[in-house]
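Undergrad: Below are the structure tokens for one structure; questions will follow.
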Amino acid sequence: MLGLKLPTDPRWVNIAEKNIDQILIDHAHCELKAAATANSLIMSFPEYPDLVDEMISLVKEEMSHFKMVHDKLQARNIILGRDRKDLYVHDLIKFFPKGGSRTTQLVHRLLYAALIEARSCERFRLLSENIEDKELSKFYRDLMASEANHYVLFLNFARSFGERIEVDKKWNDLLEFEAELMQNLGTKGTVHG
């Protein structure tokens, strides 16, 4: 369903479980960045009322997810701490060339967001199915569905703002590029790393 070209190396779950505190911290920051992305789309493209309405809802949802993760951190006496650079996202957003029309920029940003949500969904599924902590297993199973919905939301918006054949070609090319990135990831206690 997610269309990912390279699944996460199953060994990542072992790394994640051994570093669950770091996963939770990174996850909290991911939720903040997801809310910031939705907010940035509102500020950058206010002329699209349907997009704005959906992004308003998404900001609220992502902030509620942040609170849920932050609550888990507090219950475990873990300090959130400062954010660290997400190398996955950093490298991913180099794929499309800068510039182009506003519509092209919007489509690219939506495709990046769709892919990040798809990979998060896949990672949350792996956590939900494989970690020993039953509370966190359920937590990640519940969040997995939201990530899938966000992936579909962003991809559908990208397709609505661009020519379908062209957008689907860009999407497939981005998926191929992401698969290459993933060959070198999966070795760190982070959501995408």
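The values are calculated or read from the model by the stated rules, or taken from the named source; none is laboratory data. Note that the structure is a prediction, hence the values are computed from the model and not measured. FYI the Cβ positions are ideal-geometry reconstructions off the backbone, even for glycines, and counts take in every protein chain you see.
Undergrad: Go through region 142-193 and report how many residues are more than 17 Å from the chain's Cα centre (by Cα), small (Gly, Ala, Ser) and either assigned to a helix (DSSP H, G or I) or over 30 Å from THR103 (Cβ atoms) (or both).
TA: Residues in region 142-193 being more than 17 Å from the chain's Cα centre (by Cα), small (Gly, Ala, Ser) and either assigned to a helix (DSSP H, G or I) or over 30 Å from THR103 (Cβ atoms) (or both): 1 in total.
Undergrad: I need the full set of residues from region 44-54 which are assigned to a helix (DSSP H, G or I) and surrounded by 12 or more Cβ atoms within 10 Å (Cβ to Cβ), in order please.
TA: Correct list: SER44, LEU51, VAL52, GLU54.
Undergrad: Could you tell me which numbered condition LEU143 fails, if it satisfies all but one of (1) in contact with a helix residue (DSSP H, G or I) (Cβ under 7 Å, 6 or more places away or on another chain); (2) more than 20 Å from PRO7 (Cα to Cα)?
TA: Among (1) in contact with a helix residue (DSSP H, G or I) (Cβ under 7 Å, 6 or more places away or on another chain); (2) more than 20 Å from PRO7 (Cα to Cα), LEU143 violates only (2).
Undergrad: Just the residues that are crowded, with 16+ Cβ neighbours inside 10 Å, under 20 Å from THR37 (Cα atoms) and over 17 Å from the mean Cα position of the chain (by Cα), please, taken from region 55-91.
TA: HIS70
Undergrad: Consider THR103 against the criteria (1) in contact with a helix residue (DSSP H, G or I) (Cβ under 7 Å, 6 or more places away or on another chain); (2) modelled with pLDDT of 95 or more; (3) buried (at least 17 other Cβ atoms within 10 Å of the Cβ): it satisfies all of them except one. Which criterion is unmet?
TA: That leaves (3) as the condition not met.
Undergrad: I'm trying to understand the selection: among the residues of region 29-49, which are of a type in the set (D, E, K, R) and either in contact (Cβ under 8 Å) with a residue 12 or more places away in the chain or under 21 Å from TYR140 (Cα atoms) (or both)?
TA: GLU31, LYS33, listed by residue number.
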